[in-house]
Amino acid sequence: MKKTGKTMTLPKFDYYAPKSIEEALGLLADMGGNARVMAGGTDLMVKMRNGLISPEAVIGLKNVADLDCISFSKMKGLTIGAGALLRDVAAHKGIRKHFPAIAYAAGETANVQIRNMGTVAGNLCNAAPSADNAPALIALGAQVTVVGPDGERTIALDRFFKGPGLTALEPGEILIAIRVPLPAAHSGAVYCHLSPRSKVDICAVGVAAMVTLDGNTCLNARVSLGAVAPIPMRAKKAEALLIGKALTRTAIEKAGIQAAKESRPISDMRASALYRRRMVEVLTRRAIGGACRQVK
Ligand SMILES: Cc1cc2nc3c(=O)[nH]c(=O)nc-3n(C[C@H](O)[C@H](O)[C@H](O)COP(=O)(O)OP(=O)(O)OC[C@H]3O[C@@H](n4cnc5c(N)ncnc54)[C@H](O)[C@@H]3O)c2cc1C
């Protein structure tokens, strides 16, 4: 039957609830390309119900021991397990204190019902260009740890996204954790986003900026954009305009203009490409300014 994309009932599938990652990897290997991993299911089940994908089996990660763990130490930085809920990331005291941009992004994702089910890892693996959690994590230098048939590997998050719905995950691999280093002293990071249609709608533009300052001089900067290219992306030329410079109003304005030039937005139901590009400029200024004000 031809897929219309309008099916409203879930197709039949087998559900597996492994208790360990090894068991989950074994199931994935046994079923080849016919199985999908599920965290909260808030993206996966919608796609299945709409007939966009129809895996024969779904491998739920909810029962995998310790996968929802969130840990923070000044030595090791932050680790967000692949099962950690958006709700718990948003509320975590260590994240709110040391990584407020990450807590803010998780807390701004969707609505309370979705945050009670969905995960940050699922948000990244779904690879929507508008994924709210991607820009802040990229700006803060996050890496993801994945395991698969060939063992474990680490991928910098700014290399993880390959296209809309596409990631660097190889067949049979599962993302197990997101790791974020502790920012250098005198750093700040902010995520700003915009949803003109409604607060619950996915964002039309998202910008995160991280700066490390020595007085007013910028030692390091990362600027990351969401919903304005096929993948969440860094605005590397904008970053280069900031590093080594005094972060004056003019310097920040130039970085905003450059970030807008680097963005590759499309027009869709949420916003026109023109509006998005203009808003990249505005939100980049705000994110950099906010990050500077956060520096202690
Ligand atoms: C009403 C509504 C509003 C929404 N609003 C927003 C919003 O404002 N901002 C936003 O960014 N998103 C939004 N979303 C999208 C979604 O809720 C988020 O992307 C959520 O974080 C997905 O997490 P999940 O755990 O439910 O992922 P799932 O649905 O379980 O999985 C998503 C994808 O990732 C894969 N996957 C999941 N975990 C792993 C893993 N550990 N390893 C490998 N692959 C994995 C799955 O196979 C699937 O392809 C919204 C969704 C709905 C239904």
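What follows is calculated from the coordinates using simple rules that are stated; it is not laboratory data. What you see is a predicted model; the values in this text were computed from it and never measured. Backbone-built Cβ (ideal geometry, glycine too); neighbour counts: all protein chains shown.
Tabulated results
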{"read-out": "Dipole of the range 136-232, positive end: most advanced residue of Val207, Thr154, Val180 [Cβ charges, Cα centre]", "value": "Val207"}
{"read-out": "Highest-MSF residue in the chain out of Gly172, Gly188, Gly151 [GNM, Cα springs under 10 Å]", "value": "Gly151"}
{"read-out": "Amide H contacts of Leu219 (H built 1.01 Å from N, under 5 Å, at least 5 apart or other chain)", "value": "Thr212, Leu213, Asp214, Gly244"}
{"read-out": "Val205 long-range amide H proximity, modeled H, under 5 Å", "value": "Leu194"}
{"read-out": "Backbone HN-Hα couplings from phi across the range 253-264 [Karplus 6.51/-1.76/1.60, Hz, Gly and Pro as x]", "value": "4, 4, 5, x, 4, 5, 4, 4, 5, 6, 5, 10"}
{"read-out": "For Leu182, residues with placed amide H under 5 Å, excluding near neighbours", "value": "Gly77, Leu78"}
{"read-out": "Gyration tensor over alpha-carbon atoms, the range 2-115, equivalent ellipsoid semi-axes in Å", "value": "30, 19, 9"}
{"read-out": "Relative pair counts by distance (%), Cα atoms of the range 140-252, 5 Å bins", "value": "2, 10, 16, 18, 17, 15, 12, 6, 2, 1, 0"}
{"read-out": "GNM result for the chain, Cα springs below 10 Å: residue of Phe161, Phe72, Phe13 fluctuating most strongly", "value": "Phe13"}
{"read-out": "Top of Ile138, Ile257, Ile70 by mean-square fluctuation, Gaussian network on the chain, Cα under 10 Å", "value": "Ile257"}
{"read-out": "For q = 0.06, 0.10, 0.11, 0.16 Å⁻¹, Debye-computed log10 I/I(0) when each Cα of the chain counts as one equal scatterer", "value": "-0.19, -0.54, -0.64, -1.27"}
{"read-out": "Fraction of alpha-carbon pairs over 15 Å apart in the range 21-76 - percent", "value": "57 percent"}
{"read-out": "Values of log10 I(q)/I(0), in the order q = 0.14, 0.15, 0.21 Å⁻¹, for the range 70-180 under a Debye, Cα-only, solvent-free model", "value": "-0.50, -0.58, -1.15"}
{"read-out": "In Å, descending, principal axis extents of the Cα set of the range 187-294", "value": "43, 24, 21"}
{"read-out": "J(HN,Hα) series, the range 243-251, from Karplus relation 6.51 cos²θ - 1.76 cosθ + 1.60, nearest Hz, glycine and proline x", "value": "5, x, 9, 6, 8, 6, 4, 5, 4"}
{"read-out": "Tilt relative to the chain, helix 21-31 - C-alpha long axis, 0 to 90 degrees, to 10", "value": "60 degrees"}
{"read-out": "Kirkwood-Stokes translational diffusion coefficient of the range 250-296, alpha-carbon pairs, 20 °C, 1.002 mPa s, µm²/s", "value": "192 µm²/s"}
